[in-house]
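Accompanying notes for the structure given below.
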Amino acid sequence: MTTDRPTWFENPAIRIELWPALGETLLMTVFATAFAIIAGLPLGVWLYMTAKDSLTENAVVYRVVSAVVDIGRSIPFIILMIALIPFARFVTGSALGWQATVVSLTVSAIPFYARLVEASLREVATGKIEAVQMMGAGNWQLVRQVLVPEALPGLVSGATVTAVALVSYTAMAGAVGGGGLGALAISYGYQRYQTDTMLACIVLLVACVALLQLLGDLLARTVDHRA
């Protein structure tokens, strides 16, 4: 049995729809990563500050915040996205499309990045913190002048890991109308048996991950002032 269906660059799905889908995937990843950093950084600092033997130790606060973060990290993304459809509709005016997906991606990424922030801050040498404390610095000065600058390479690496994870989440979001390369791969590659479209989407997703990892590694090395 033969078919005259156009393939590869003659295929309208690749020739016309592939690049807009790539743009949606990149927009979802960039916006969700940015919002996750904005919210996840102070949350991670809060976890670090209230942990045992830390600067403002508070066992009750730490346990409550830690539990909320762990619950947020444990919910599978596809379930979280479905549960957040009403909230996404309230924020963006629609339950479909890449804008609505950014809401779910951000909520999923915030606790993930917060834990990476906490881990990075724990790597800061205690001696540097004590030296600044002896000079009379307050907690905010310690965070701004010591903790964040010293942990910056780890914070950048954590943001890179978060962005890479979000790329895979955008592909899953395509299953429920999230847009991007995931939606294109499902609509054409899976449902219409277009292997060429599926392969094209996979190649671009892999390229996105590789590029993000490369840029993240370069930036982490650039901000690393340690000997």
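Side notes on the structure shown:
- ³J(HN,Hα) computed for each position of the stretch 47-57 - Karplus, 6.51 cos²θ - 1.76 cosθ + 1.60, integer Hz, glycine/proline x: 4, 5, 5, 9, 5, 4, 6, 9, 5, 10, 3
- Cα long-axis angle, helix 59-74 against the chain (0 to 90 degrees, to the nearest 10): 10 degrees
- Residues of the stretch 95-125 with amide N under 14 Å of a point placed 7 Å along Cα→Cβ from Ala137: 124-125
- With one equal scatterer per alpha carbon and no solvent term, the Debye-computed log10 I(q)/I(0) for the stretch 1-90 at 0.14, 0.15 1/Å reads -0.76, -0.82.
- Just so you know, the Cα atoms of the stretch 107-227 work out to an Rg and Dmax of 20.0, 67 Å.
- Stretching the chain fully between Thr222 and Lys128 yields a gain of 31.7 nm (0.36 nm per residue, less the alpha carbon separation).
- Computed magnitude of the charge dipole of the chain (debye, nearest 20; Cβ of K, R +1, Cβ of D, E -1): 260 debye
- With every protein chain in place, the stretch 13-223: carbon and sulfur % of accessible area (1.4 Å): 69 percent
- Two-site label geometry, Ala83 and Arg144: point separation in nm, points 7 Å out along Cα→Cβ: 3.7 nm
- Farthest toward the positive end of the dipole of the chain, out of Ala200, Ala163, Pro111, is the Cα of Pro111, where the dipole comes from beta carbon charges about the Cα centre.
- Gaussian network model of the chain, Cα within-10 Å springs - most flexible of Glu130, Glu24, Glu118: Glu130
- Size descriptor, Kirkwood hydrodynamic radius, that averages inverse alpha-carbon separations across the stretch 73-164, Å: 15.4 Å
- Here r is the Cβ-Cβ distance between Phe90 and Val61 and R0 is 35 Å; the resulting FRET efficiency, rounded to 0.05, is 0.75.
- Among Pro76, Pro149, Pro42, the largest mean-square fluctuation in a Gaussian network model of the chain, built with springs joining Cα atoms closer than 10 Å, belongs to Pro76.
- Computed 3J(HN,Hα) for the stretch 125-141, one whole-Hz value per residue from the Karplus formula 6.51 cos²θ - 1.76 cosθ + 1.60 where θ = phi - 60°, is 4, 4, x, 5, 5, 5, 5, 6, 5, 5, 8, x, 6, x, 4, 5, 5, glycine and proline marked x.
- Only alpha carbons enter this Debye calculation for the chain, each as an equal point scatterer, and the log10 of I(q)/I(0) it gives at q = 0.08, 0.10, 0.13, 0.14 Å⁻¹ is -0.37, -0.55, -0.81, -0.90.
The values are calculated or read from the model by the stated rules, or taken from the named source; none is laboratory data. Bear in mind that the values here come from a model prediction, so they are computed numbers and not experimental data. Cβ sites come from the backbone with ideal geometry, for glycine too, and all protein chains shown count toward neighbours. Note: areas computed on protein heavy atoms with side chains; ligands, DNA, RNA excluded. Shrake-Rupley method; radii C 1.70, N 1.55, O 1.52, S 1.80 Å.
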